[in-house]
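J.: Before I ask anything, let me first share the structure, which is written out below as structure tokens.
The values are calculated or read from the model by the stated rules, or taken from the named source; none is laboratory data. Being a predicted model, the structure only gives us computed values, none of them experimental. Virtual Cβ from ideal backbone geometry, glycine too; neighbours counted across all protein chains shown.
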Amino acid sequence: MEKFKKFSGIVAAIDRPNVDTDAIIPKQYLKSIKRTGFGVNLFDDWRYLDPGAPGESNAERRINPDFVLNKTPYDHAQILLGRENFACGSSREHAVWALMEFGFKVVIAPSFADIFYNNSFKNGLLPIVLSPTLVDQLFAELEQQQDYRLDVDLENQLVTNAVGFEMPFEIEDFRKYCLLNGFDDIELTMQHADHIKAFEAQYYKKFPWL
Amino acid sequence: MTAQTLYDKIWAMHEVRRDDDGTRLLYIDRHLVHEVTSPQAFEGLKIANRQIWRKKSILAVPDHNVPTIGLEKGITDPVSRLQVETLNQNCDEHQLVEFKMGDIRQGIVHIIGPEQGATLPGMTVVCGDSHTTTHGAFAALAFGIGTSEVEHVLATQCLILNKSKNMRVTVDGAVAEGITAKDIVLRIIGEIGTAGGTGHTIEFVGEAISNLSMEGRMTLCNMTIEAGARAGLVDCDQTTIDYLKGRPFAPTGENWDKAVAYWQTLHSDADAIFDREVHIDAASIEPQVTWGTSPEMVISINENVPDPASETDRIKSGGMQNALDYMGLAANTPCKEVFLDKIFIGSCTNSRIEDLRAAAAVVKGRKVADTIKLAMVVPGSGLVKQQAETEGLDSIFIEAGFEWREPGCSMCLAMNDDRLEPGERCASTSNRNFEGRQGKGGRSHLVSPAMAAAAAIYGHFVDVRLLDRNN
């Protein structure tokens with residue numbers, strides 16, 4: 001996993017609550033056995049007017065000119081602004097892969113679905129929870145300014161707008177540590193292999209039927 | 001010792017270590033695997049040259065991509081076929097237990113786990129699928145994980161987790177005649193919202209819950225994820241124990257007695273404190289029908305589709321209007337005047353034998369309305385299908401005009417050929433009414449099996465309680 005560095009990025013917004021993972025990456029694309037190739041089908045049903053199929057080129061498909069990610073400068077946005085319960089629904093990590101492959105590094109919302117929130121950290125995507133009031137403010141600022149940018153500083157846990165207004169955010173220490181260092185969870189857990197074995201020894205003595 | 005919730009107890013039994021920063025390592029007993037979310041995990045394992053920690057913990061099955069018709073041709077879609085073949089290869093290579101296509105035990109992963117007794121009380125159960133919450137019906141801590149976590153469990157038998165908060169939903173009293181687990185859970189989601197359980201594990205208690213069969217409890221816990229909760233739990237009682245006895249993966253002999261003695265401790269202490277409590281009056285629950293594109297957008301059969309104009313919150317009101325536009329519905333339409341094109345009885349929510357019996361009881365001696373283009377029943381597993389056929393349920397459905405299919409996830413998420421066409425409206429016993437879930441442009445209304453069956457007969461929603469049922 002790449003180390004998460006401080007950056008400034010264009011913000012794109014999707015102004016609806018409960019954006020689900022079926023919307024982020026529709027089911028037909030989950031048939032892939034790879035981790036890559038999902039970016040072009042991010043928000044597929046909203047992004048294209050014609051239906052699509054896995055493995056088929058998207059070049060011939062008519063794009064929906066009204067959808068935010070089809071417009072400049074949002075077609076190279078790195079920060080996605082959303083509403084409550086972002087990415088609810090299915091556990092598909094493909095949703096994170098699709099967002100990242102499109103170019104997103106951060107998603108800001110008042111709340112996230114648990115599984116998506118977990119999946120994000122495993123891939124280096126940073127989900128940031130801000131208060132509904134702050135999120136409202138960001139939506140309002142974005143409406144005023146087309147190439148609206150935000151600075152994201154994970155080390156200091158700050159989102160900052162162009163006029164220097166700072167919005168601190170919370171993140172668990174372990175998750176922050178892994179993102180900043182680009183650490184692989186499995187490697188870290190493997191360091192506790194003896195601990196797991198010791199646990200198993202007493203556990204199966206106690207629960208012999210398992 | 002302080003009083004513990006059921007969740008606290010199961011968690012404590014599985015905590016391998018706790019670091020100073022609060023990060024904990026939790027041990028996983030059962031790992032269910034299917035074809036969609038596992039290939040990248042197996043690949044990751046191979047690239048890093050890692051071994052599978054405990055092969056015995058794994059039970060694998062293809063379900064999302066399997067066709068429900070023309071099985072003799074195999075999977076004709078090459079992309080779907082490759083995914084199922086990849087699962088077969090991975091399981092063969094690592095010598096994992098897999099119920100392949102053609103095995104009578106094959107079916108939807110959340111149906112077959114409990115059916116085999118592979119889900120036991122007190123276990124931690126994970127699967128790369130959000131509806132893993134189903135298994136909480138057995139007083140097991142069960143939740144969905146992403147592919148990276150699938151790989152993590154394969155390699156270490158553990159997950160790095162933070163503990164959720166405790167929430168208790170009490171459904172007071174008994175439900176009225178004709179009200180099912182599906183109606184109970186849809187009503188709960190309508191009450192607390194699709195993010196109402198976020199960050200929590202929900203324990204369901206109350207007379208209405210205790211009265212549920214294991215099938216009903218699975219329906220209830222299955223949809224806990226639609227309330228945003230990490231997991232759902234029902235405590236272990238005699239109903240649980242009776243269900244498990246004699247199942248292939250369940251303990252036997254002396255181990256059975258030891259297990260039962262332990263399982264009987266799997267309930268919250270009387271004075272345990274919950275971070276959040278919700279009460280629902282069981283008697284007030286009517287048959288539920290979702291009208292929108294989120295499971296929280298739900299009304300009872302005798303209500304009208306709501307009007308966004310009556311919602312003061314701007315974001316909510318906008319969300320309601322989006323949903324009405326997508327669903328092709330006008331505000332204030334009576335639920336009973338919503339006409340359907342297709343009927344789907346199936347999915348990990350409602351494809352167990354009890355669900356099929358309930359639907360068949362409505363359908364028996366009646367015909368599917370001429371206006372319905374397709375009505376299909378997809379049993380949850382080969383064994384459910386076999387049982388239904390032994391009871392003659394297949395004939396009841398077929399005579400009424402339903403299609404009787406092979407087991408799989410089918411039109412719940414339309415990864416195989418079973419799907420809605422743009423604009424088609426479906427009464428579905430599945431769990432998600434999201435935009436495009438059952439096919440691009442498709443419109444899904446979530447209901448119980450009995451309500452779906454009644455809608456098939458009339459062509460529109462009706463209050464199933466007003467029909468004579470042949471059971």
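Per-residue answers, yes or no, for (1) touching a strand residue (DSSP E or B) at 6+ places or on another chain (Cβ under 7 Å); (2) hydroxyl-bearing (Ser, Thr, Tyr):
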residue: A:155; (1), (2): no, no
residue: A:161; (1), (2): yes, no
residue: A:166; (1), (2): yes, no
residue: A:180; (1), (2): no, no
residue: A:187; (1), (2): no, no
residue: A:204; (1), (2): no, yes
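J.: I'm trying to understand the selection: among the residues of the range B:121-173, which are within 28 Å of residue B:94 (Cα to Cα), in a helix (DSSP H, G or I) and among the hydrophobic types (A, V, I, L, M, F, W, C)?
T.: B:150, B:153, B:154, B:155
J.: Between a residue in the range A:190-201 that is within 8 Å of chain B (Cβ to nearest Cβ) and modelled with pLDDT under 95 and any residue that is surrounded by 14 or more Cβ atoms within 10 Å (Cβ to Cβ) and assigned to a helix (DSSP H, G or I), which pairs come within a Cβ distance under 9 Å, given they are 6 or more apart or on different chains?
T.: none
J.: Could you go through the range B:150-160 and let me know if any residue there is within 14 Å of chain A (Cβ to nearest Cβ) and among the hydroxyl-bearing types (Ser, Thr, Tyr).
T.: yes
J.: With the condition being surrounded by 24 or more Cβ atoms within 10 Å (Cβ to Cβ) and among the aliphatic types (A, V, I, L, M), I'd like the helices (runs of 4 or more DSSP H) fully within the range A:1-107 carrying at least 2 qualifying residues.
T.: It comes to A:21-24, A:94-102.
J.: Scanning the range B:272-284 for residues that are touching a Ser or Thr at 6+ places or on another chain (Cβ under 8 Å) and closer than 30 Å to residue B:455 by Cβ, which turns out surrounded by the fewest Cβ atoms within 10 Å (Cβ to Cβ)?
T.: Top of the filtered list is B:278.
J.: Quick test for you: out of B:169, B:97, pick the one residue that is without any contact (Cβ under 8 Å) to a residue 60 or more places away in the chain and at negative phi.
T.: Selected residue: B:97, the only one of B:169, B:97 that is without any contact (Cβ under 8 Å) to a residue 60 or more places away in the chain and at negative phi.
J.: Take the conditions in contact with a helix residue (DSSP H, G or I) (Cβ under 7 Å, 6 or more places away or on another chain) and either within 30 Å of residue A:85 (Cα to Cα) or modelled with pLDDT of 95 or more (or both) and apply them to residue B:422. Does it pass?
T.: No: the conditions fail for residue B:422.
J.: Can I ask one more? Within the bounds of the range B:66-74, is there any residue that is in contact (Cβ under 8 Å) with a residue 60 or more places away in the chain, touching a helix residue (DSSP H, G or I) at 6+ places or on another chain (Cβ under 7 Å), surrounded by fewer than 24 Cβ atoms within 10 Å (Cβ to Cβ) and under 17 Å from residue B:408 (Cα atoms)?
T.: Looking for residues that are in contact (Cβ under 8 Å) with a residue 60 or more places away in the chain, touching a helix residue (DSSP H, G or I) at 6+ places or on another chain (Cβ under 7 Å), surrounded by fewer than 24 Cβ atoms within 10 Å (Cβ to Cβ) and under 17 Å from residue B:408 (Cα atoms), one finds at least one in the range B:66-74, hence yes.
J.: Which strands (runs of 3 or more DSSP E) sit wholly inside the range B:1-84 and have at least 3 residues that are farther than 18 Å from residue B:119 by Cβ?
T.: B:15-18
J.: Could I ask something else about it? May I ask you to verify whether residue B:444 is within 12 Å of residue B:347 (Cα to Cα) and either within 14 Å of chain A (Cβ to nearest Cβ) or without any contact (Cβ under 8 Å) to a residue 40 or more places away in the chain (or both)?
T.: Considered against the rule, which asks whether it is within 12 Å of residue B:347 (Cα to Cα) and either within 14 Å of chain A (Cβ to nearest Cβ) or without any contact (Cβ under 8 Å) to a residue 40 or more places away in the chain (or both), residue B:444 comes out as no.
J.: Which one of these does residue A:107 not meet: (1) over 14 Å from the mean Cα position of the chain (by Cα); (2) among the hydrophobic types (A, V, I, L, M, F, W, C); (3) modelled with pLDDT of 95 or more?
T.: That leaves (1) as the condition not met.
J.: Take residue B:454 and tell me if it is part of a helix (DSSP H, G or I), more than 14 Å from chain A (Cβ to nearest Cβ) and touching a residue at least 40 places away in the same chain (Cβ under 8 Å).
T.: Yes, satisfied.
J.: Can I ask one more? Consider residue A:25 against the criteria (1) in contact with a His (Cβ under 8 Å, 6 or more places away or on another chain); (2) without any contact (Cβ under 8 Å) to a residue 40 or more places away in the chain; (3) among the hydrophobic types (A, V, I, L, M, F, W, C): it satisfies all of them except one. Which criterion is unmet?
T.: (2)
J.: Among the residues of the range B:291-327, which ones are within 14 Å of another protein chain (Cβ to nearest Cβ) and among the β-branched types (Val, Ile, Thr)?
T.: Across the range B:291-327, the qualifying residues are B:293, B:298, B:315.
J.: Going residue by residue through the range B:263-271, is there one that turns out to be surrounded by fewer than 20 Cβ atoms within 10 Å (Cβ to Cβ), among the aromatic types (Phe, Trp, Tyr), at pLDDT 95 or above and over 23 Å from residue B:430 (Cα atoms)?
T.: No.
J.: Among the residues of the range B:29-50, is any over 22 Å from residue B:131 (Cα atoms), surrounded by fewer than 16 Cβ atoms within 10 Å (Cβ to Cβ) and facing chain A (nearest Cβ under 9 Å)?
T.: yes
J.: Moving on. Residues in the range B:425-446 that are under 16 Å from the mean Cα position of the chain (by Cα), hydrophobic (A, V, I, L, M, F, W, C) and within 15 Å of residue B:329 (Cβ to Cβ): how many?
T.: Number of matching residues: 1.
J.: Then there is this: Surrounded by 24 or more Cβ atoms within 10 Å (Cβ to Cβ) and within 11 Å of chain A (Cβ to nearest Cβ) - does that describe any residue in the range B:200-210?
T.: Yes, because at least one residue in the range B:200-210 is surrounded by 24 or more Cβ atoms within 10 Å (Cβ to Cβ) and within 11 Å of chain A (Cβ to nearest Cβ).
J.: If you go through the range B:211-229, how many residues are among the hydrophobic types (A, V, I, L, M, F, W, C), within 12 Å of chain A (Cβ to nearest Cβ) and outside any helix (DSSP H, G or I)?
T.: Counting residues in the range B:211-229 that are among the hydrophobic types (A, V, I, L, M, F, W, C), within 12 Å of chain A (Cβ to nearest Cβ) and outside any helix (DSSP H, G or I) gives 1.
J.: Search the range A:1-14 for residues being within 14 Å of another protein chain (Cβ to nearest Cβ) and modelled with pLDDT of 95 or more, and hand back the single one that is nearest to residue A:83 (Cα to Cα).
T.: Once the filter is applied, the top-ranked residue is A:14.
J.: Right, another one. Look through the range B:1-27, keep the residues that are without any contact (Cβ under 8 Å) to a residue 24 or more places away in the chain and more than 10 Å from chain A (Cβ to nearest Cβ), and return whichever of them is surrounded by the fewest Cβ atoms within 10 Å (Cβ to Cβ).
T.: The residue in question is B:1.
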